[in-house]
Amino acid sequence: MPIKVAVIGAGSIGFTLRLMRDILSVPELADTEFAFHDINRRNLDMIARLARRDIKANRLPAKLTTSTNRRRALEGSDYVLNTTRIGGLEAFQRDIDIPLKYGIDQCVGDTLCAGGIMYGQRNIPQVLAFCDDMAAVAADDVLFLNYAHPMAMNTWAAIEYGGIDTIGLCHGVQGGHAQICQVIEQLVKRPVTKKDVDIICAGINHQTWYVQVLYLGQDWTGRLLEGFEQHPVFSRTEKVRIDMLRRFGYYTTESNGHVSEYVPWYRKRTRQIRRWIDLSRWIHGETGGYLRVCTEGRNWFETDSPNWMKQEPPQFTYESRSEEHGSWIIEARETGRVYRGHFNVVNDGCITNLPRDAVVEVPGYVDRNGLSIPRVGDLPLACAAICSTSVHVQHLAVEAAVHGDVDLLRQAMMLD
């Protein structure tokens, strides 16, 4: 029988088409039934037109339905993908503007810091509503793949209070892996690919540490600082991450702008922010940069969508699929082909010096039997200490949202 994949927030510009194309690039999944749901009918219809054009151009038997009724879309689903932005860009604007009024400068503000905490208060009630709907109408063994931020908070709430099998997915580990390959290539003066560099990355989402980097079987963890400091681009665009590497000994996954708001040191004094960021791209630390890019992207999507329909449809090939984990997880579960990635899951002793109930981002394997997480052991002590503060903020914020507890919310904000 064909599987059914539902996408909540399918009006997403970035994720929906990419994830659909990835899934349909797997021959065994060519007959997948997709159900797109969004509360914005206009965006939903635009994405659906593009998706149906692409399915038809690739001569695939896949089917697509759309609905603004969430339960109708989720009915019978084997997999549910969450790509929502709860509250839209209007609420996101407040997450940036209100903290800035009080001196809290954010580049992204959707995962931690003041904006991320408040974003979690909007998200968690909706995530739990999604879980209620899945429990009522989806397949008994439905898997919830959460792409929406705040990643750890959403995933924590879904698992702890939603009762649905959930994995949180992010592409930060893959991005940093690619950077490390470029750094090693710069040092050895010959081409280096991800296949040449084996990594173990562990921590929490957006604060995950490359605790082992093996190039052709040799440990390169200790040479990364030299490589990043010498790199002609990263030495300019990744100043925060390089400083963290210099002080704590390990490279961390997320972008310069994100890392700068995950710890209290780099955006604390307005006059000093410029020394740590680079304005060539928003992701390197621009104040409110992600909000600006999202706003411009939405406007561009609404005006240029008709022009996309005139473009040549992409060809779905196994070789051209993205590194987003979703399609690889589904392929592994449906075909038995083993996939190794990094996933957001309940710790449960995987990282032995972080709380057992925390949501951590760690290596894992997926096959027809589901997800298997090996034991990482202790993080380096300083890395665990940095993560620990964030974990407690996340825990307070989740409990605040679930129970409507304003005291816990204040405490989360103060601790952050």
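A few remarks follow.
- Taken over the range 104-161, the criterion of being surrounded by fewer than 21 Cβ atoms within 10 Å (Cβ to Cβ) and on the phi > 0 side of the Ramachandran plot is satisfied by no residue.
- Scanning the range 1-29 for residues that are open to solvent by 20 Å² or more (accessible area, probe 1.4 Å), part of a loop (DSSP other than H, G, I, E, B), within 15 Å of K63 (Cα to Cα) and in contact (Cβ under 8 Å) with a residue 12 or more places away in the chain gives a single hit, P2.
- Among the strands (runs of 3 or more DSSP E) confined to the range 300-416, the ones with at least 1 residues that are polar (S, T, N, Q) and buried (at least 21 other Cβ atoms within 10 Å of the Cβ) are located at 339-346.
- For the range 51-80, a residue qualifies if it is assigned to a loop (DSSP other than H, G, I, E, B) and among the basic types (K, R), and exactly one does: R59.
- Filtering V362, V406, V345 for residues that are β-branched (V, I, T), over 22 Å from Q174 (Cβ atoms) and at pLDDT 95 or above leaves a single hit, V406.
- Any pair with Cβ under 7 angstrom, 6 or more apart, that starts in the range 372-399 at a residue that is among the basic types (K, R) and ends at one that is buried (at least 20 other Cβ atoms within 10 Å of the Cβ) and outside any helix (DSSP H, G or I): R375/C350
- Of the residues making up the range 237-244, at least one is within 14 Å of Q179 (Cα to Cα), out of contact with any Asp or Glu (no Cβ under 7 Å at 6 or more places or on another chain) and either open to solvent by less than 20 Å² (accessible area, probe 1.4 Å) or assigned to a loop (DSSP other than H, G, I, E, B) (or both).
- Selected residue (only one of E261, E254 is within 23 Å of the chain's Cα centre (by Cα), of a type in the set (D, E) and part of a helix (DSSP H, G or I)): E261
- On the stretch given as the range 195-233, residues that are in contact with a strand residue (DSSP E or B) (Cβ under 8 Å, 6 or more places away or on another chain), surrounded by fewer than 16 Cβ atoms within 10 Å (Cβ to Cβ) and of a type in the set (A, V, I, L, M, F, W, C) total 1.
- Which numbered condition T84 fails, given (1) farther than 30 Å from R267 by Cα; (2) not in a helix (DSSP H, G or I): (1)
- One residue stands out in the range 49-82 among those that are touching a Leu at 6+ places or on another chain (Cβ under 8 Å) and under 24 Å from V127 (Cβ atoms): the one that is surrounded by the fewest Cβ atoms within 10 Å (Cβ to Cβ), namely T68.
- Filtered residues of the range 268-299 (kept if more than 20 Å from G9 (Cα to Cα) and open to solvent by less than 30 Å² (accessible area, probe 1.4 Å)): I273, I277, D278, H284, G285, G288, G289
The values are calculated or read from the model by the stated rules, or taken from the named source; none is laboratory data. On a predicted model such as this, the values are computed, not experimentally measured, just so you know. Note that each Cβ is placed from the backbone with ideal geometry, even for glycine, and that neighbours are counted across all protein chains shown. In case anyone asks, the SASA skips ligands and DNA or RNA and just uses the protein heavy atoms, side chains included. Shrake-Rupley method; radii C 1.70, N 1.55, O 1.52, S 1.80 Å.
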